[in-house]
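Peer 1: Structure provided below as structure tokens; questions to follow.
Taken together, the values in this text are just the output of simple stated rules run on the coordinates, not laboratory data. These numbers were taken from a predicted model, which means no experiment stands behind them. Cβ sites come from the backbone with ideal geometry, for glycine too, and all protein chains shown count toward neighbours.
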Amino acid sequence: MTDTPTSTLTVNQFIARYGDEARYELADGELIDMDSTGPHETVSGKLAVHIGMAVMQAKHPWFIPRTCLIQPFTDIATARRPDIIVLDETVLANEPLWQRQPVITLGRSIKLAVEVVSSNWETDYARKVEEYALLGIPEYWIVDYRGLGGNAFIGKPKQPTFTVCQLAGDEYCQQQYRRGEAISSGLLPNLQLRLDDVLPL
């Protein structure tokens, strides 16, 4: 991820200019270039398949949009674009922007957010944990397939780590998984997944 020099943007300006461009997020009015790679997209794509299959098997009225922005706070110029987001179709009628733009403002519309870690690991492990918990997203996954996170987040020695954050009150309880370990999701108990299943070949 690289920071792109620009003047400060409002969320509306960001959506108008960059809403359809998947490579950008907005953080405190600053345009952030997500700078994705092929392996990053490989992990995201494989994960989306596993999540989609689990959702279909459980017959939940949920779906994974092709592109979607989260506006976590009305008073802060921030718009997040998770690598994968699972929405509850039954509550989207309450979303004030959804009929015109793929923008989510209400936490109850979101069942799961997934971030595949790249060079901006600090944001995924710290700030987004707080933002997504405050928004009330029930589950948040951090998929650190290269083991980039700081020692305080993934321990020593650094290694690929899959973190499942489950909301308890207004904070996340976190459980970490390494290669070879079966991942447990309270949201999708039927999910059959290991970190190895989504790593690039």
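Peer 1: How high is the FRET efficiency between Asn151 and Leu199 when r is their beta carbon distance and R₀ equals 30 Å, given to the nearest 0.05? Working shown, then result.
Peer 2: Values: r = 21 Å, r/R0 = 0.71.
With R0 = 30 Å, the Cβ-Cβ based efficiency is 0.90.
Peer 1: Magnitude of the Cβ-charge dipole of region 37-198, K/R +1 and D/E -1, about the Cα centre, nearest 20 debye?
Peer 2: Taking the Cα centre of region 37-198 as origin, the dipole is about 360 debye.
Peer 1: Of the listed peptides 140-151, 70-81, what is their order by residue-averaged count of other C-beta atoms within 10 Å, with the highest listed first? Let's see the in-between values first.
Peer 2: Details: 140-151: 20.2, 70-81: 17.2.
Ranked from most to least packed, the peptides come out as 140-151, 70-81.
Peer 1: Okay, next question. Which value in deg cm²/dmol, rounded to the nearest 500, describes the helix-derived mean residue ellipticity at 222 nm for the chain, given -39,500 (n - 2.57) per DSSP H run of n ≥ 4 and division by the residue count? It would help to have the intermediate numbers written out before the result.
Peer 2: Details: 4 runs with 41 residues, N = 201.
One gets -6000 deg cm²/dmol as the mean residue ellipticity at 222 nm.
Peer 1: For Lys111, list the lysines whose Cα falls under 18 Å from its own Cα; do not include residues on the same chain fewer than 8 positions away.
Peer 2: Lys59, Lys128
Peer 1: Now for a separate question. Which order do peptides 124-130, 48-54 fall in by mean Cβ count within 10 Å, highest first? Provide the component values of the computation, followed by the final result.
Peer 2: Details: 124-130: 18.7, 48-54: 17.1.
Final packing ranking: 124-130, 48-54.
Peer 1: Hey, if you put +1 on the Cβ of every Lys and Arg and -1 on every Asp and Glu Cβ in the chain, which of Ser119, Leu187, Leu31 ends up farthest toward the positive end of that dipole?
Peer 2: In the chain, that residue is Leu187.
Peer 1: Label-point separation (nm) for Ala16 and Ala168, each offset 7 Å from Cα along Cα-to-Cβ?
Peer 2: The modelled label-to-label distance comes out at 4.5 nm.
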